[in-house]
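Enquirer: To start, I am sharing the structure in question, which I have written as structure tokens.
The values are calculated or read from the model by the stated rules, or taken from the named source; none is laboratory data. Computed from a prediction, not measured in an experiment: that's the story for all the values here. Here Cβ is always computed from backbone atoms with ideal geometry, including for glycine, and neighbour counts include all displayed protein chains. What goes into the accessible areas is simple: the full protein's heavy atoms, side chains included, and nothing from ligands, DNA or RNA. Shrake-Rupley method; radii C 1.70, N 1.55, O 1.52, S 1.80 Å.
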Amino acid sequence: MYETIKTIVLTLLVLISITLTFALWTYHPKYDVLQNDEYIQHVSVSNTQVDTAMVVQPKQILIHKNGVPYAVTKDEEKNEVLKEMRRWTLDDFEDVSSSVPQGKFLSFLNGKERLEIIYPDEVPIDIYRLIFTIDDRGLDGLAFDRLLVPLGGKDEFPIYFIATDKRKIYKAIASDASLSAIGRLAKEASHFPRYFAYPVSETKQLYLPEKEVVLSSLQYYTDELDADKFKEALFSDPSFVKKDLIPFGEEYTDGSRLMDVDFLQRMLLYVNPAARVSNMGQTEQETHIIQKSIDFVNEHGGWTDLYHFARWSEEDRKVTFRLVVNGYPVFNEYGMSEIVETWGASDLMKYQRPLFRLEIADRNRTPKTLPSGHEVVNWFEQTKGVRKSLIKDIAIGYELIKDPEREKVIRLEPAWFYLYGQTWKKVNMGDEAGSVKSSMKTPHRSSH
């Protein structure tokens with residue numbers, strides 16, 4: 001009897017051993033591969049998604065009629081122009097720079113009866129391909145900051161892509177092209193604000209309003225963005241992230257990456273030192289850094305307000321997007337109105353942005369009259385220490401100011417601004433000649 005029980009127990013043990021061995025041999029564990037993009041794709045700060053054409057917008061659209069530039073200022077009219085142009089097919093690009101004699105570049109730009117579209121910086125042809133229908137392929141490395149369209153074309157006509165700083169002019173042929181919307185605006189041009197050209201170099205001129213401009217000061221109640229959502233989106237494995245309190249803010253780190261939250265300026269700064277800058281330049285296969293930057297913010301729903309492409313630097317691999325309110329750019333000396341991305345060889349190296357969104361506009365609006373473009377030019381001419389050659393841009397915009405009494409309220413004050421070298425500054429018309437104040441930090445200037 002004892003031997004029988006012993007045999008049964010041994011048999012059961014052998015069977016269990018065989019079963020466990022088989023289970024071990026056939027078990028395939030499911031490992032979660034940690035990738036930089038995994039959490040970004042699943043965590044969203046907002047539900048907003050944008051395409052390239054929504055972000056890369058012209059800073060100005062002008063109709064040249066009888067030698068006078070008129071500005072198309074309403075967003076719906078600008079959109080009409082761009083919508084019509086997106087239906088065209090652009091092909092047969094040709095470098096015609098040599099056909100314009102030295103010293104005649106600005107005369108070419110000032111041609112009569114044409115539409116001029118000006119972007120805030122040179123836009124690479126790869127990005128134009130995502131906005132318009134461009135069939136020509138042999139254009140790698142080209143970038144342009146303005147387009148010229150004749151007002152009298154029909155079905156097929158030339159359109160000019162221009163890089164003002166490099167004095168480059170490429171002619172393309174627009175086919176299957178209608179000018180109905182543009183023609184309609186051209187007929188009404190005399191009712192639009194009249195502008196004038198202010199030359200700042202042999203190849204570049206800025207367009208400023210002839211008359212004073214009235215804009216209202218604005219107030220907005222703001223909504224704080226959740227720093228924890230950015231932590232989830234930006235770190236490969238948020239469970240390893242340690243959070244520490246620092247003076248006036250918080251610091252998050254996983255030992256290699258760092259995310260700082262600044263409570264005073266309501267800003268976020270993310271740094272990934274391992275993603276070093278590559279000096280090799282962009283390869284043909286690489287998505288352009290402007291598009292990579294747009295895609296990156298889309299991935300975590302970071303377009304919490306309306307931002308437009310502002311500037312980029314190929315050398316620094318840096319892209320800046322600027323807050324826009326009522327069609328005007330917003331400036332702030334601490335970067336509270338900018339989203340800035342710096343890219344390494346393949347990964348994001350630095351990401352700086354506001355940690356708030358504009359929510360409710362206060363109904364109390366105070367009209368403010370800004371000086372005419374001529375008065376601004378006179379201020380430049382009379383102010384000591386301002387070199388005309390360093391003036392890269394001039395714009396009407398809003399200065400973003402924190403309300404000292406109410407933490408969640410910001411004010412937007414209309415003012416003139418100018419890009420001086422690499423820095424946006426406010427034009428202080430009330431100051432005595434010789435004083436240049438109120439710098440608006442811009443991290444870079446384009447370099448191609």
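Enquirer: Using 0.36 nm per residue of separation minus the Cα-Cα distance, give me the extension gain between Arg184 and Phe157 in nm, one decimal.
Expert: Contour length minus the Cα-Cα distance gives 7.9 nm.
Enquirer: Let me ask you something else. Keeping every protein chain in place, order Ser178, Ser346 by accessible area at 1.4 Å, biggest value first, i.e. largest first.
Expert: Ser346, Ser178
Enquirer: Could you work out what % of the accessible surface of region 219-370 is carbon and sulfur, using a 1.4 angstrom probe and leaving DNA, RNA and ligands out of the count?
Expert: The C+S portion of the solvent-accessible surface of region 219-370 is 49 percent.
Enquirer: For region 243-385, build the charge dipole from Cβ charges (+1 Lys, Arg; -1 Asp, Glu) around the Cα centre, then report which of Ser313, Ile360, Trp343 sits farthest towards its positive end.
Expert: Checked the options; the winner is Ile360.
Enquirer: Let me ask something else. Please find the FRET efficiency linking Tyr221 to Asn47, where r is the Cβ-Cβ separation and R0 is fixed at 30 Å, and quote it to the nearest 0.05.
Expert: Numbers: r = 20 Å, r/R0 = 0.68.
With R0 = 30 Å, the Cβ-Cβ based efficiency is 0.90.
Enquirer: Could you rank Glu77, Glu122, Glu156 by how accessible they are, 1.4 Å probe, largest area first?
Expert: I get Glu156, Glu77, Glu122, largest accessible area first.
Enquirer: I need the per residue convex hull volume for region 103-160, using only the alpha carbons, in cubic angstrom as a whole number.
Expert: Per-residue hull volume (Cα only) is 115 Å³.
Enquirer: Would you check the accessible area of Glu76, probe 1.4 Å, heavy atoms only, in square angstrom rounded to 10?
Expert: About 110 Å², rounded to the nearest 10.
Enquirer: Pop out the ³J(HN,Hα) list for region 235-244 in order, Karplus 6.51 cos²θ - 1.76 cosθ + 1.60 with θ = phi - 60°, rounded to Hz; leave Gly and Pro as x.
Expert: 9, 4, 9, x, 5, 8, 7, 9, 10, 10
Enquirer: Please work out the average accessible area per residue across region 180-298, using the 1.4 Å probe convention, and give it in Å².
Expert: Heavy-atom SASA per residue in region 180-298 reads 51 Å².
Enquirer: What full-extension length gain, to one decimal in nm, is calculated for Asp176 and Lys292 as 0.36 nm per residue of separation minus the Cα-Cα distance?
Expert: The span from Asp176 to Lys292 would gain 38.7 nm if fully extended.
Enquirer: Oh, and also: Could you give me the ³J(HN,Hα) list for region 419-427, computed from phi with Karplus coefficients 6.51, -1.76, 1.60 and θ = phi - 60°, whole Hz, x at Gly and Pro?
Expert: 8, 10, x, 10, 10, 7, 10, 8, 7
Enquirer: Moving on to the next point. In what sequence, largest accessible area first, do Asp295, Asp155, Asp305 appear using a 1.4 Å probe?
Expert: Sorted descending by solvent-accessible area, the residues read Asp155, Asp295, Asp305.
Enquirer: Moving to a separate point now. Using modelled backbone amide H atoms (1.01 Å from N, in-plane), which distant-in-sequence or interchain residues come within less than 5 Å of Val427's amide H?
Expert: Counting only residues 5 or more places away or on other chains, the set is Trp416, Phe417, Tyr418.
Enquirer: Something else now. For region 96-243, what mean projected area does the convex hull of the alpha carbons give, in nm²?
Expert: 15.4
Enquirer: Send over a whole-number figure in Å² for the accessible area per residue of region 39-130, probe 1.4 Å.
Expert: In whole numbers, region 39-130 has 46 Å² accessible per residue.
Enquirer: Here's something else I'd like to know. By how many nm would the segment from Leu245 to Glu381 lengthen if fully extended, with 0.36 nm per residue of separation less the alpha-carbon distance?
Expert: 44.0 nm
Enquirer: Volume per residue, Å³, of the convex hull around the alpha-carbon atoms of region 50-165? The partial results should precede the final answer.
Expert: Working: hull volume 13.6 nm³, N = 116.
Each residue corresponds to 117 Å³ of Cα convex hull volume.
Enquirer: Across every pair of different alpha-carbon atoms, what Kirkwood hydrodynamic radius in Å does region 351-423 reach?
Expert: Radius from the Kirkwood sum: 15.1 Å.
Enquirer: To the nearest 10 square angstrom, how much accessible area does Thr369 have with a 1.4 angstrom probe?
Expert: It works out to around 80 Å².
Enquirer: Can you tell me the alpha carbon radius of gyration of region 243-377 divided by the globular rule-of-thumb value 2.2 N^0.38 Å? If you can, show how the numbers build up before the last one.
Expert: On the way: Rg = 17.7 Å, N = 135, 2.2 N^0.38 = 14.2 Å.
That ratio works out to 1.24.
Enquirer: If you don't mind, another one. So with the 1.4 Å probe, I'd like the accessible area per residue for region 323-375, rounded to whole Å².
Expert: Ligands and nucleic acids excluded, the figure is 43 Å² per residue.
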